[in-house]
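A quick write-up on the structure given underneath.
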Amino acid sequence: MPSNTTLHRQRTLGGVVGILVLAFGLGYHFFPRLLHVEPGEVVRRSVPAAPAAAPGGASTVNEPAAEELNAGPPLTLAPTAVIAARLSREHTNLPKQLTPDPPKLRALLERADKALAAGNLGADKDGAAALYLQATKDKPDSRRAAQGVIDVHARLVAQIERDLALGNAEDVGDQLAALQQLPGTANDVAHLSAALKTLTDVRPLLAKAAGLLQQGKADQPTGRSALDTYRQVQQLDPQNAVAEQGVLDVQRVVLDRALAAVAQNDFADADKVLAEAQAIHPGSQQLHDVRQRVDDMRASRASGVLTQAHSALDAGNLAMARQLAAQAEAISPQLPGLAAFEQQLVNAQLYASHKPGQVFSDRYVDLPGQSPAMVVVPTGSFLMGAADDDSGGPAEQPQHKVAIDQGFAMARSAVTVGQFREFVRESGYVPDAVKQGGASVYDERSGAMRDDSDATWQDDYAGHKAEDNLPVVNISWGDAKAYADWLSKRTGKKYRLPSEAEFAYALRGGTTTRYWWGDGTPSHKVENLTGSKDRSPSGRRWNHAFRDYGDGYWGPAPVMSFAPNPFGLYDMGGNVSEWVADCWHDNFIRAPVDGSAWLNPGCSTRVLRGGSWGSSPEQARSAWRQGADAGVRSGRVGFRVVREL
């Protein structure tokens, strides 16, 4: 066991050696010229080789270093010993040994084994080739000598192939000379000699290509670039690894141009350059990596522009929002959220940033309260009027196409008694039923409408006090317009009565049938209609009604008691008929086709649309229309409002 003094000395010596190694490494790294090494000097590396079994069981050591070429970066090749071992296994024809090797022959074979292990494969007198050949000559049946010749053959072929791949033509000539001395190598010599000639031909081209690449002529000018020269080498030597690496270097230069274009936000040019890089070397890892980087930067840039577009839209600058959205699409057509933003733009243009089918209310700007619930009606077109086989007379013809190009919002239901009461209380307005006295109400005894001088907007269809959730009736066209004007002042938005075209379009809800629910009697409760199953308080029945239909009401029902139509609007075809803005015309000749109201200065007859609780099936049709004096007040007539977007 060593003494403590010995251990102390060993540790001290080890520490000094470690410090010296560290100092040498730092000096080599930071001051290479002190060691007569230029930073750009070609490094000569030794390529490790796996140990190969020498004849007789002796193992070999690492073979001599292989020189790395200036024409390209280091290449990963299989170790020579691995290749040699494979080639050795292909030669299994060893002689049948009749007698043991004598001592003198064994000594000769030991020298040959050492030469092989040292990498001395030459044909000179001390080379492995010469020594093994001498042994086979001295004793032709020596299996160890025969195996040695095979190993030298395999090692030489592997070394030559490796040097050819690395472009090391200087050593290949001597190795070929040694290979020629071995028996059975004619085919290998011929093949490798041809490869050497190819290497000799391509080396000047490789040097030229490397120079062009250094001068910045990677892929241009066409015909005189590094890429063209490397392609020329590949035509002469398709397996040339240096040329393959050179092509990748050229592609790297082109890919750098794509990244530079992206840095300038020129994604169109980046795509063009990426296409050029794709043509140089399809499917390379560096191409994949750069394309991914470009795509990530593209998505990031497009997302930023789309965020700016959202800000412009929020500020009400539709032109700027549209321009920025186009820029985002040009950068990244598949950008997530782009389609949704395009729809927001459409909604902003057509619906003031609302969406079709959206329900909203406007708050009053000067007092507590809000407007009736409004539904955004989608744009579209429809045939207004009745078809020839569904005509209620000349008043519903000619059928004509109307385009609703600008969205609008319509009240979900007729204005209620409670909503109209708020208007009268807050505005001080005096409705015509109060100012002029009376309305036309239903008389249960006669089953007909009669004038009642005491009936007002606060009464129901029969002249009795109305609940707040019933549609307001007994109001004139002027009363309805006054309410819409008041809403405009209270909300700061434009409220008005609907045009006849808007009402007819909204009533149909995109349908083309006789009624919005179909062509005949409803299969379930859809509106407050005249049904054969309905009964008045005294047991009266309708003379002309929808067969086998009953909704449980004789007179108006509370608003929104039944199903909405496809546009989300309630009571459009029943409950109460409603005032619209238009003046009455006996037919649709020269009627507007853009959805606007058809007005004449000073007209006193206005249009009623939609069936009521007391309308016959013919009067509940989607095409039905009727004219009435603007001053008429009836228990069967109410109204709803439209809000412009």
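The values are calculated or read from the model by the stated rules, or taken from the named source; none is laboratory data. Nothing here was measured: the structure is a model prediction, and the numbers come from that model. Here the Cβ positions follow ideal geometry from the backbone for every residue, glycine too, while neighbour counts run over all protein chains shown.
In the list GLU396, GLU342, which residue meets the criterion of being of a type in the set (D, E, K, R) and within 30 Å of ARG301 (Cα to Cα)?
Working: GLU396 fails: within 30 Å of ARG301 (Cα to Cα).
From the options GLU396, GLU342, the qualifying one is GLU342.
Can we say GLY438 is of a type in the set (Gly, Ala, Ser), on the phi > 0 side of the Ramachandran plot and surrounded by fewer than 15 Cβ atoms within 10 Å (Cβ to Cβ)?
No: the conditions fail for GLY438.
Can you list the helices (runs of 4 or more DSSP H) lying wholly within segment 218-324 that have 3 or more residues being in contact with a Lys or Arg (Cβ under 7 Å, 6 or more places away or on another chain)? Outline the logic, then answer.
Details: elements: 226-236, 241-263, 267-280, 285-314.
Here the list reads 267-280.
Six or more apart or on different chains, Cβ under 8 Å: which pairs go from a residue in segment 595-607 that's at positive phi to one that's loosely packed, with under 14 Cβ neighbours inside 10 Å? Could you list them?
Sorted first by the residue in segment 595-607, then by its partner, the pairs are GLY595/ASP405.
Looking at segment 311-328, which of its residues are in contact (Cβ under 8 Å) with a residue 12 or more places away in the chain and within 18 Å of the chain's Cα centre (by Cα)?
Within segment 311-328, LEU324, ALA325, GLN327, ALA328 meet the criteria.
PRO140 fails exactly one of the following numbered conditions: (1) surrounded by fewer than 17 Cβ atoms within 10 Å (Cβ to Cβ); (2) modelled with pLDDT under 90; (3) outside any helix (DSSP H, G or I). What is the number of that condition?
(2)
Can you say whether GLY167 is closer than 19 Å to VAL233 by Cα, of a type in the set (Gly, Ala, Ser), buried (at least 22 other Cβ atoms within 10 Å of the Cβ) and assigned by TED's automatic domain parsing to the domain that holds LEU94, as far as the supplied structure shows?
Working: closer than 19 Å to VAL233 by Cα: yes; of a type in the set (Gly, Ala, Ser): yes; buried (at least 22 other Cβ atoms within 10 Å of the Cβ): yes; assigned by TED's automatic domain parsing to the domain that holds LEU94: yes.
The answer is yes for GLY167.
How many residues are surrounded by 18 or more Cβ atoms within 10 Å (Cβ to Cβ) and within 15 Å of the chain's Cα centre (by Cα) if we restrict to segment 339-350?
Final tally of qualifying residues: 1.
In segment 445-455, how many are surrounded by fewer than 21 Cβ atoms within 10 Å (Cβ to Cβ) and either of a type in the set (A, V, I, L, M) or within 22 Å of PRO372 (Cα to Cα) (or both)?
Counting residues in segment 445-455 that are surrounded by fewer than 21 Cβ atoms within 10 Å (Cβ to Cβ) and either of a type in the set (A, V, I, L, M) or within 22 Å of PRO372 (Cα to Cα) (or both) gives 2.
Looking at segment 398-454 only, could you name the residues that are β-branched (Val, Ile, Thr), touching a residue at least 40 places away in the same chain (Cβ under 8 Å) and in a helix (DSSP H, G or I)? Show your work before the answer.
Narrowing segment 398-454 to residues β-branched (Val, Ile, Thr): 402, 404, 415-417, 424, 430, 434, 441.
Keeping just the survivors that are touching a residue at least 40 places away in the same chain (Cβ under 8 Å) gives 402, 404, 415-417, 441.
Correct list: VAL417 only.
Report whether or not GLY492 is under 16 Å from ASP571 (Cβ atoms), surrounded by fewer than 24 Cβ atoms within 10 Å (Cβ to Cβ), at pLDDT 95 or above and not charged (D, E, K, R). Break it down stepwise before answering.
Numbers: under 16 Å from ASP571 (Cβ atoms): no; surrounded by fewer than 24 Cβ atoms within 10 Å (Cβ to Cβ): yes; at pLDDT 95 or above: yes; not charged (D, E, K, R): yes.
The answer is no for GLY492.
Only one of LEU608, LEU599 is part of a loop (DSSP other than H, G, I, E, B) and within 20 Å of TYR483 (Cβ to Cβ); which?
On the way: LEU608 fails: part of a loop (DSSP other than H, G, I, E, B).
Going through LEU608, LEU599 in turn, the sole match is LEU599.
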